[in-house]
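Taking it in order: structure first as structure tokens, then the write-up.
The numbers here are math on the coordinates, done by the rules we state, and not lab data. All of these numbers come straight from a predicted model, not from anything done at the bench. So basically every Cβ, Gly included, is an ideal-geometry build from the backbone, and we count neighbours across all protein chains shown.
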Amino acid sequence: MDRNPVVAGQFYQGNPVGLRREVEACMSGVDAPPADAPRTLLAMVPHAGYMFSGRVCGRTLASANLSSTILMLGPNHTGRGQAIAVWPDGHWFIPGSDVPVLSELASRIASCHPAVSADTAAHAMEHSLEVILPFLAFRDPGVGIVPVAVSEHRFTVLEEVAAAIVPILAAAEAPVSIVVSSDMSHYVSRQTARTLDTAALDAAVALDPRGLYDVVRERGITMCGVLPMTLGLMIAKGLGAREGRLAAYATSGDVTGDQEQVVGYAGVLVH
């Protein structure tokens with residue numbers, strides 16, 4: 001089943017030429033990693049409108065050494081569909097191009113645990129993965145994806161699912177990278193956002209999924225992608241992740257000038 005874009009012309013330009021220029025501008029000024037750079041196991045990037053978060057997303061992905069096979073993990077803002085929902089096949093269309101869903105890998109992941117399902121309903125109106133897809137397609141026209149929407153909130157279940165996915169990715173024909181979609185704090189002051197986001201990002205960069213999960217819950221941090229990021233970190237650690245770093249950070253106030261009601265945007269890379 002193919003998926004057509006639902007936020008083209010809203011979060012990003014709906015015209016193929018304009019979209020390419022927009023993505024190029026967001027990714028400009030960053031040196032690509034050298035050919036012998038370690039593979040990026042996980043990249044976390046934001047998913048707001050490009051005028052707000054595009055630069056953080058672009059700079060992060062431009063400096064990543066991602067594989068051409070991407071497991072995409074994003075939040076479920078709509079509440080539709082299953083708790084861990086895998087888009088099973090077809091293509092995801094964006095203006096000017098389409099990206100294939102790797103159906104064999106998707107099928108193995110969808111059947112790896114009872115909490116995981118092949119389900120398109122969770123993705124139908126969800127923007128979090130769609131918004132970052134043009135960046136992945138621009139940097140690598142040969143990219144293939146397995147899109148997964150994550151709203152499962154039980155830590156033990158996320159642990160079990162991660163443990164089931166790790167051997168699937170490790171045995172895959174081609175190396176697999178993970179791209180997680182998440183914004184950070186929502187509608188707080190710039191100072192509060194930086195304080196809260198730092199607490200969450202410190203745990204993420206330390207490759208501490210339990211610490212990230214707990215600090216977000218305990219401090220009420222409105223990080224919408226905490227569940228996919230928790231799962232992503234677990235998988236990355238199972239694949240041998242050893243190092244994380246903060247690649248970029250900004251808030252919506254950098255664009256609007258309003259420092260009292262901002263949304264935070266961060267880019268994280270894990271190798």
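Given points 7 Å out from each Cα along the Cα-Cβ axis, report the Gln259 to Thr78 separation in nanometres with one decimal.
Distance between the two pseudo-spin positions: 3.9 nm.
Take the chain, mark every one of the GluC sites (Glu not before Pro) that falls in a DSSP loop and has at most 13 other Cβ within 10 Å, then report the longest stretch left between them, sites excluded.
It works out to 1-172.
Based on alpha-carbon centroids, what's the gap between the range 1-55 and the range 205-231 in Å, whole number please?
Rounded to whole Å, the Cα centres lie 24 Å apart.
What percentages make up the Cα-Cα pair-distance distribution of the range 16-270 when the bins are 5 Å wide from 0?
Histogramming the range 16-270 at 5 Å steps yields 1, 7, 14, 20, 21, 18, 12, 6, 1, 0 percent.
Dipole magnitude of the chain about its Cα centre, charges +1 at Lys/Arg Cβ and -1 at Asp/Glu Cβ only, in debye to the nearest 20?
For the chain, the charge dipole is close to 240 debye.
Say the dipole of the chain comes from +1 at the beta carbon of Lys and Arg and -1 at that of Asp and Glu; which of Thr156, Pro114, Leu207 then lies farthest toward its positive end?
Leu207
Choose one answer from Asp89, Asp208, Asp254: the residue with the largest mean-square fluctuation in a GNM of the chain with alpha-carbon springs under 10 Å.
Asp254
Net charge near Asp2: determine it from the other residues with C-beta under 14 Å of the C-beta of Asp2, scoring Lys and Arg +1 and Asp and Glu -1.
In short, -2.
Name all residues of the range 167-202 having a backbone nitrogen under 12 Å from the label point set 7 Å from the Cα of Arg219 along its Cα→Cβ direction, giving them as ranges.
What the label zone holds, given the 12 Å backbone N cut-off, is 185, 192-202.
Only helical DSSP H runs with n ≥ 4 go in: add -39500 (n - 2.57) per run for the chain, normalise by residue count and round the 222 nm mean residue ellipticity to 500 deg cm²/dmol.
Theoretical 222 nm ellipticity from helices: -10500 deg cm²/dmol.
Whole-Hz Karplus ³J(HN,Hα) for the range 179-189, in order, using 6.51 cos²θ - 1.76 cosθ + 1.60 and θ = phi - 60°, x for Gly and Pro?
Ordered by residue, 3J(HN,Hα) equals 10, 9, 10, 7, 8, 9, 4, 10, 6, 10, 5 Hz.
Just to confirm a number: summing +1 for Lys and Arg and -1 for Asp and Glu over residues other than Val215 whose beta-carbon lies under 10 angstrom from that of Val215, what do you get?
Computed value for this residue: -1.
Taking K and R as +1 and D and E as -1, what net charge do the other residues with C-beta under 13 Å from the C-beta of Glu104 add up to?
Around Glu104, the surrounding residues sum to -1.
Please work out how much length the chain gains when fully extended from Ser28 to Asn15, using 0.36 nm per residue of separation minus the C-alpha to C-alpha distance, in nm with one decimal.
2.7 nm
Provide the per-residue ³J(HN,Hα) series for the range 252-268, in order, calculated from phi with Karplus coefficients 6.51, -1.76, 1.60 and θ = phi - 60°, each as a whole number of Hz, with x at glycine and proline positions.
Running phi through 6.51 cos²θ - 1.76 cosθ + 1.60 with θ = phi - 60° gives 4, x, 5, 9, 7, x, 7, 9, 9, 9, 10, 10, x, 10, 9, x, 10 Hz.
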